[in-house]
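The values are calculated or read from the model by the stated rules, or taken from the named source; none is laboratory data. Note that the coordinates shown come from a computational prediction; the quantities given were computed from them, not determined experimentally. Here the Cβ is made from the backbone with ideal geometry for all residues, glycine too, and neighbour counts use every protein chain on show.
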Amino acid sequence: MLKRLRVSPEPQRDTHMAWRRFLRARAAGLLTCDFFHIDCAVTLKRVSVFFVMKVAGCHVHVLGTTTDPDGTWTAQQARNLLMDPEGDDSRGTG
């Protein structure tokens, strides 16, 4: 059908600009998350800190700390964030 209408199946796009427009339009709702670690001199343990950053405002929220960051713990921290999107920092750590 596209050939019949002489329409190219792949329109030529500037994908870099399209991605930039996409990110700008959705920046208010985008979050990025990661871990960093701190080596505790008192307990001689590595403590992992799970944090989320709001892309639009560059606000960082620490979701929790643990010495064993497994998938179950990480998923629970993400659920906690979704239950309290305002970022109440009174939550405990794991």
Residue check: is residue 17 at pLDDT 85 or above and aliphatic (A, V, I, L, M)?
-> no
In this structure, does residue 34 turn out to be of a type in the set (D, E, K, R), touching a Phe, Trp or Tyr at 6+ places or on another chain (Cβ under 7 Å) and modelled with pLDDT of 90 or more?
-> yes
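Quick grid of which residues meet (1) in a strand (DSSP E or B); (2) modelled with pLDDT under 90; (3) of a type in the set (S, T, N, Q); (4) farther than 21 Å from residue 27 by Cα:
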{"site": "51", "(1), (2), (3), (4)": "yes, no, no, no"}
{"site": "63", "(1), (2), (3), (4)": "yes, no, no, no"}
{"site": "69", "(1), (2), (3), (4)": "no, no, no, yes"}
{"site": "72", "(1), (2), (3), (4)": "no, no, yes, yes"}
{"site": "75", "(1), (2), (3), (4)": "no, no, no, yes"}
{"site": "80", "(1), (2), (3), (4)": "no, no, yes, yes"}
